[in-house]
Amino acid sequence: MKKTKKQTYHNKEYYQELYDDELQRLERQWKLSIPKLTNKEWLAIFPEARPNLEVRLKEMKKEYKTLISEIEKDLKDLYEKDIKDDFSRWFCEEIIRTWKGEALNEMSKKIVGLRLLLSPEKKVVNSITNSMVEQAKQYPFENLIQVKNNFALCPFHNDKRPSFHIKDNKGRCFGCGWHGDTIQFLMDKEDLSFREAIEYLT
Ligand SMILES: [Zn+2]
């Protein structure tokens, strides 16, 4: 029997559209049904992931150290070349900064994230005490940033020569004016909350 009436429900595209709409609706529903868990909560559900993450953290710390010594070597080579032309020197520094400096920043963020993730659960409570804050402030600045003769490369601006000065375990940058203690430093550098910074530093 031949259908002569051209009706929407005989139209293939019409059904395709209906089908697509329904699929999207199902997908939205499915997404809403996924529990919104933090990484820490996922880890509690899948504790078997912990050893792998611990291995990864160790590897990353090693990679971080390697990268730091590479940057040191690159800078040393560069300064020993005694380039007279400012532009060439700037260009070389810029290459080191972009290629390795930024990789270093990314890596340090990941390391902090992993360390927080793997830190014992008991620390995640509502009780940050004064003594924890004091302890966090005493955390050696040298462990957070590469320091030489009390100076470091400032992570808050595009620092070419170390202009970040550390005194009494507090930092001050002569370039961009940033100043603060280890807590503030970690919050600004790694984009952490006060609580996360305290957890990391204690
Ligand atoms: Zn600065």
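Taking the stated definitions as given, is ASN150 within 16 Å of the ligand (Cβ to nearest atom), closer than 18 Å to ILE68 by Cα and surrounded by fewer than 15 Cβ atoms within 10 Å (Cβ to Cβ)?
Working: within 16 Å of the ligand (Cβ to nearest atom): yes; closer than 18 Å to ILE68 by Cα: yes; surrounded by fewer than 15 Cβ atoms within 10 Å (Cβ to Cβ): yes.
So ASN150 fits the description; yes.
I'd like to verify a number: residues in the range 174-186 that are in a helix (DSSP H, G or I) and surrounded by fewer than 18 Cβ atoms within 10 Å (Cβ to Cβ), how many?
So the first thing to find is which residues in the range 174-186 are in a helix (DSSP H, G or I), and the list is 182-186.
Then keep just the ones that are surrounded by fewer than 18 Cβ atoms within 10 Å (Cβ to Cβ); that gives 184.
Residues in the range 174-186 being in a helix (DSSP H, G or I) and surrounded by fewer than 18 Cβ atoms within 10 Å (Cβ to Cβ): 1 in total.
With respect to HIS157, is the statement that it is modelled with pLDDT of 95 or more, within 16 Å of the ligand (Cβ to nearest atom) and either surrounded by 15 or more Cβ atoms within 10 Å (Cβ to Cβ) or under 25 Å from SER88 (Cα atoms) (or both) true?
Details: modelled with pLDDT of 95 or more: no; within 16 Å of the ligand (Cβ to nearest atom): yes; either surrounded by 15 or more Cβ atoms within 10 Å (Cβ to Cβ) or under 25 Å from SER88 (Cα atoms) (or both): yes.
No: the conditions fail for HIS157.
Name every residue in the range 187-202 that is under 13 Å from the mean Cα position of the chain (by Cα), surrounded by fewer than 18 Cβ atoms within 10 Å (Cβ to Cβ) and touching a residue at least 40 places away in the same chain (Cβ under 8 Å), in order of residue number.
Answer for the range 187-202, where residues must be under 13 Å from the mean Cα position of the chain (by Cα), surrounded by fewer than 18 Cβ atoms within 10 Å (Cβ to Cβ) and touching a residue at least 40 places away in the same chain (Cβ under 8 Å): just ASP191.
Whether any residue in the range 101-108 is surrounded by fewer than 15 Cβ atoms within 10 Å (Cβ to Cβ) and over 15 Å from PRO155 (Cβ atoms) is what I want to check.
Taking the range 101-108 first, the residues surrounded by fewer than 15 Cβ atoms within 10 Å (Cβ to Cβ) are 102, 105-106.
Next, from what is left, pick out any that are over 15 Å from PRO155 (Cβ atoms): none.
No, that holds for no residue.
What residue, of ILE83, ILE95, ILE68, is surrounded by 10 or more Cβ atoms within 10 Å (Cβ to Cβ), in the same structural domain as ILE45 (by TED's automatic domain parsing) and touching a residue at least 24 places away in the same chain (Cβ under 8 Å)? Reasoning before the result, please.
On the way: ILE83 fails: touching a residue at least 24 places away in the same chain (Cβ under 8 Å); ILE95 fails: touching a residue at least 24 places away in the same chain (Cβ under 8 Å).
Only one candidate passes the filter, namely ILE68.
Output the helices (runs of 4 or more DSSP H) that fall wholly within the range 53-164 and possess 2 or more residues being charged (D, E, K, R) and closer than 18 Å to SER193 by Cα, or say none. Steps first, please.
Details: elements: 86-96, 102-118, 130-138.
It comes to 102-118, 130-138.
The values are calculated or read from the model by the stated rules, or taken from the named source; none is laboratory data. Computed from a predicted model, the values in this text were never measured in an experiment. Ideal geometry is used to build each Cβ from the backbone, glycine not excepted, and the neighbour counts take in all protein chains shown.
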